[in-house]
1. Where does each of Thr200, Thr2, Thr78 land when they are ordered by accessible area, with a 1.4 Å probe and the largest first?
2. Under a Cβ-Cβ cut-off of 11 Å, what is the net charge of the residues other than Asp48 that fall near it, where Lys and Arg count +1 and Asp and Glu count -1?
3. Using a 1.4 Å probe and counting only protein heavy atoms, arrange Ser150, Ser76 so the residue with the most accessible area comes first.
4. Sorted by accessible area with a 1.4 angstrom probe, largest first, how do Ile203, Ile6 fall?
5. Ranked from highest to lowest mean number of other Cβ atoms within 10 Å per residue, what is the order of the peptides 79-91, 158-170?
6. What percentage of the solvent-accessible surface of segment 44-100, computed with a 1.4 Å probe over protein heavy atoms, is contributed by carbon and sulfur atoms?
7. By the scheme Lys and Arg +1, Asp and Glu -1, what is the net charge of all other residues having a beta-carbon under 12 Å from that of Ser150?
8. Using 1/(1 + (r/R0)^6) with R0 = 22 angstrom and r between the beta carbons of Ser83 and Asp48, what's the FRET efficiency to the nearest 0.05?
Amino acid sequence: MTTLLIVVFAFFGLLMLLGWAVNTNMARNQAKQDAAVAELKERFGEGDYYYSLSGPRCIGIAWGRDQLILGSDVASATALPLSDVRSADIEIDGVEVTTSRSTTSTNRGSQLAGGLVGGVLLGPAGALVGGLTGGSTTTGKAVGQRKIKSVKLVIRVADRVAPLRTHVFFDHPHGEGYEAIHPMLQPELEKAAHYHALLTGVIEDRVSGSAATSAAPIQSGSAA
């Protein structure tokens, strides 16, 4: 009986130690991310920034300066005028995925059913993954368990020398990848959907503004 108690206490002690180590590592990583975001704000002003430790890589939008921020790290981050952004597409395992309020589509055609089921399961992340599965028989479980190896945001800009800028949110070239619900992958899917939505909104606002300006009546001068 005494031996059993020792084994039980040792087991729970090991679990507690493991939990402490995991929490400590998470806190350390969060501190690094917070410091990187603070540095980006100091360089480019207030905005919406994200720093990934896996790259490391950073992306953001400096709203006060109307700039898109991209870089492999904070030190190398550069700014592009938002007015130069022409399009933004998410690529999951090399397949373009675009979401709207009601549909999810890929370069293989409409994937409405999968996108809606995925959206119910995982929110924006699930909608992206669901768009890859498609079909009326897609289930939430199938969406969540789909293996993914890469998630990228491909941005087309007004630059004849380098018209494409790619931000890699997740890249796992070896093995079969991770499930969409994996804690290492799901946040990256959500961030990809987030920045895709922001850039899409910027483009739509610019197009709407241009259309409104073009449609405005020309004021004629008063007669002498």
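1. I get Thr2, Thr78, Thr200, largest accessible area first.
2. Every neighbour counted, the sum reads +1.
3. Ser76, Ser150
4. If we order Ile203, Ile6 from most to least accessible, we get Ile6, Ile203.
5. Ranked from most to least packed, the peptides come out as 79-91, 158-170.
6. 46
7. -1
8. The value I calculate is 0.80.
The values are calculated or read from the model by the stated rules, or taken from the named source; none is laboratory data. Fair warning: this is a prediction, and the values are worked out from it, not measured in the lab. Virtual Cβ from ideal backbone geometry, glycine too; neighbours counted across all protein chains shown. Ligands, DNA and RNA are stripped out before the accessible areas are found, and what is left, the full protein with its side chains, is counted by its heavy atoms. Shrake-Rupley method; radii C 1.70, N 1.55, O 1.52, S 1.80 Å.
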